[in-house]
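Encoded as C-alpha cells, the structure appears first; notes follow it.
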Amino acid sequence: MVHYFLEGGGFMWPILLTLLFGLGFAIERFYSLMMSAVDSQSFFDEITSAINENGSAAAVQVCEETEGPVAAIFHAGLSRMHRGLRDVEKAIQNAGSIEMAFLEKNMIWLNAVITIAPMLGFTGTVVGMIAAFDAIKAANDISPAVVAGGISQALLTTAFGLIVAMIIQTCQNLFVSRIDKLVLDMEEQSVKIMDHLYEQEAKNQ
C-alpha cells in the first residue's frame, strides 16, 4: 500500500490529509452520538415516577444527572412547569431544535471530504495524463514503457480519492441513521411527556 501511495505522486498527500481530516470528525461524531444514547423508555419511566411522587423539581434533578438529547429537552420543559403547560410544550420544541442542530454538528465537514477527495483524485489523474503525453512528446515514441508512469499515477490518484470518499461516506451514512433514530426518539418522548403532564393536570383539577 505504501508503494502504491508513493507511486501516486504529489496529489496523494492532500488526499491523505482529507482522509485524516474526515476520520477526525468521524471519531468526534461517533463519540458524541454514542454519548447521546440512553434507554429512553427507562428514562421516561423514571421521570414520570419522579413527577408523580415528588413533583417536577425532582424530575428536573433526574434530567440534570442524565446525558443525552431526551434528557435535555425534558429538562428544558420541566424547568418551566411553573409557567404552565403551554410554555413547557414550547420549551420542549425549542430545545428539540437545538438538540437536533447539535446532533448534526460537523456533518458538513464529512460532506466536504466526500466531495473533495475524488476531485483531488481526478485532478491527479489529469496531471498524470499530462505527464504521460509530455513523455510521449519528449521521447517521440508511444511505446507502453514511455507512458506507463504517467498513466499509473493517474489511475492511483483516482483510486485513492474514491477509496477515501467511500470510507467517509460509509461513516456519514451510519451517523445519519443514528441521528434519525435519536430525533425520532426525541419526538416520541416529547409527545409522551406532554400527554403525561396533561393527564396529571386533568387529575389535579
The one condition in (1) closer than 30 Å to Ala26 by Cα; (2) at pLDDT 85 or above; (3) surrounded by fewer than 13 Cβ atoms within 10 Å (Cβ to Cβ) that Asp45 fails to fulfil: (1)
Count of residues meeting criterion [within 20 Å of Leu16 (Cβ to Cβ) and either in contact with an Asp or Glu (Cβ under 6 Å, 6 or more places away or on another chain) or aliphatic (A, V, I, L, M) (or both)] in segment 107-130: 10
Checklist (1) touching a residue at least 24 places away in the same chain (Cβ under 8 Å); (2) farther than 30 Å from Leu110 by Cα applied to Gly84, failing item: (1)
In segment 23-33, the residues that are of a type outside the set (Lys, Arg) and either in contact with a helix residue (DSSP H, G or I) (Cβ under 7 Å, 6 or more places away or on another chain) or within 28 Å of His196 (Cα to Cα) (or both): Phe25, Ala26, Leu33
Conditions (1) touching a residue at least 24 places away in the same chain (Cβ under 8 Å); (2) under 30 Å from Phe11 (Cα atoms): number failed by Ile108: (1)
Residue in segment 179-186 that is more than 19 Å from Glu89 (Cβ to Cβ) and free of Cβ contacts under 8 Å to residues at least 12 places away in the same chain present: yes
Any chance Ala59 is assigned to a helix (DSSP H, G or I), of a type in the set (Gly, Ala, Ser) and modelled with pLDDT under 90: yes
Meets criteria (modelled with pLDDT under 90 and part of a helix (DSSP H, G or I)) for Ala145: yes
Test for Gly10: is it of a type in the set (Gly, Ala, Ser) and either touching a Ser or Thr at 6+ places or on another chain (Cβ under 9 Å) or in a loop (DSSP other than H, G, I, E, B) (or both): yes
Members of segment 13-50 found to be assigned to a helix (DSSP H, G or I) and among the polar types (S, T, N, Q), listed by number: Thr18, Ser32, Ser40, Gln41, Ser42, Thr48, Ser49
Verdict on Pro14 being touching a residue at least 24 places away in the same chain (Cβ under 8 Å) and closer than 26 Å to Asp180 by Cα: no
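The values are calculated or read from the model by the stated rules, or taken from the named source; none is laboratory data. These figures come from a predicted structure and were not determined experimentally. Neighbour counts run over all protein chains shown; Cβ positions are idealised from the backbone, glycine included.
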